[in-house]
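To start, the structure under review is shown below, and the notes come after it.
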Amino acid sequence: MSRFQTPDEVEAAFYTAFQTLDIALMGAVWAEQPSPVCVHPGGDLLQGRSEVLNSWREVLTGAERPDLQYRVIQRTAAEGLAVHLVEELIRPSRSREEPNRILATNVYRQSAEGWRMTAHHASLPLMRRRPETTPSETPKPRMH
């Protein structure tokens with residue numbers, strides 16, 4: 001099993017596994033303990049390594065390799081725990097369609113075996129960002 005030295009290494013391996021449909025690499029990314037959790041866009045809570053990896057096996061098996069780009073929007077880390085807010089842009093590899101924009105929270109934990117992913121929560125935003133307002137426009141208040 002791979003030994004990841006930093007949360008960024010785990011994250012790169014996670015997205016490589018996703019993009020290359022590599023279930024073995026995906027398995028190397030996920031922690032054994034504490035029990036990992038995953039929420040796919042529009043999906044329910046998956047708990048435990050077996051349930052999480054079975055879901056990724058379903059996602060990756062027979063799929064066409066996606067065109068996937070990601071960028072970390074925010075990083076927070078303290079005492080062996082790291083949380084990354086990530087924007088994912090995903091579309092079928094040969095598609096000319098606009099990619100799906102997904103926001104994900106990835107949580108990594110350090111253990112004796114190195115860094116591993118312990119949570120991935122991805123969701124489709126309901127709306128695209130609004131265009132910037134001009135100085136003469138007053139933004140309308142928004143409820144959360």
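The values are calculated or read from the model by the stated rules, or taken from the named source; none is laboratory data. Everything numeric in this text was worked out from a predicted model, so none of it was measured. Because the Cβ atoms are built from the backbone with ideal geometry, glycine has one as well, and the counts that use them run over all protein chains shown.
Among the candidates P99, P92, which residue alone is over 24 Å from A28 (Cα atoms), under 18 Å from the mean Cα position of the chain (by Cα) and surrounded by 15 or more Cβ atoms within 10 Å (Cβ to Cβ)? Break it down into steps so the answer makes sense when it comes.
Working: P92 fails: surrounded by 15 or more Cβ atoms within 10 Å (Cβ to Cβ).
Selected residue: P99, the only one of P99, P92 that is over 24 Å from A28 (Cα atoms), under 18 Å from the mean Cα position of the chain (by Cα) and surrounded by 15 or more Cβ atoms within 10 Å (Cβ to Cβ).
Collect the residues in the stretch 16-71 that are of a type in the set (V, I, T) and part of a helix (DSSP H, G or I), keeping them in residue-number order. Step through it out loud before you land on a result.
Quick first cut of the stretch 16-71, residues of a type in the set (V, I, T) only: 16, 20, 23, 29, 37, 39, 52, 59, 61.
Passing the criteria: T16, T20, I23, V29, V52, V59.
From the list N106, N54, which one is over 13 Å from the mean Cα position of the chain (by Cα), at pLDDT 90 or above and of a type outside the set (A, V, I, L, M)? Even if it seems obvious, please write down each step before you answer.
On the way: N106 fails: over 13 Å from the mean Cα position of the chain (by Cα).
Every option except N54 fails the conditions.
Out of all the residues in the stretch 1-15, which are over 15 Å from the mean Cα position of the chain (by Cα) and either surrounded by 18 or more Cβ atoms within 10 Å (Cβ to Cβ) or in a helix (DSSP H, G or I) (or both)? Before the answer, list the steps.
So in the stretch 1-15, the residues over 15 Å from the mean Cα position of the chain (by Cα) come out as 1-6.
The one that is over 15 Å from the mean Cα position of the chain (by Cα) and either surrounded by 18 or more Cβ atoms within 10 Å (Cβ to Cβ) or in a helix (DSSP H, G or I) (or both): F4.
Where residues in the stretch 82-94 are over 17 Å from L124 (Cβ atoms) and not hydrophobic (A, V, I, L, M, F, W, C), which of them is modelled with the highest pLDDT?
As a first pass, look at the stretch 82-94 and keep what is over 17 Å from L124 (Cβ atoms): 82-84, 93-94.
Pick out the ones that are also not hydrophobic (A, V, I, L, M, F, W, C) and you get 84, 93-94.
Details: H84: 98, S93: 82, R94: 80.
Across the stretch 82-94, the extreme among qualifying residues is H84.
Does S111 satisfy the condition of being among the small types (G, A, S), closer than 25 Å to L45 by Cα and modelled with pLDDT under 95? Reasoning before the result, please.
On the way: among the small types (G, A, S): yes; closer than 25 Å to L45 by Cα: yes; modelled with pLDDT under 95: yes.
When the stated conditions are applied, S111 passes them.
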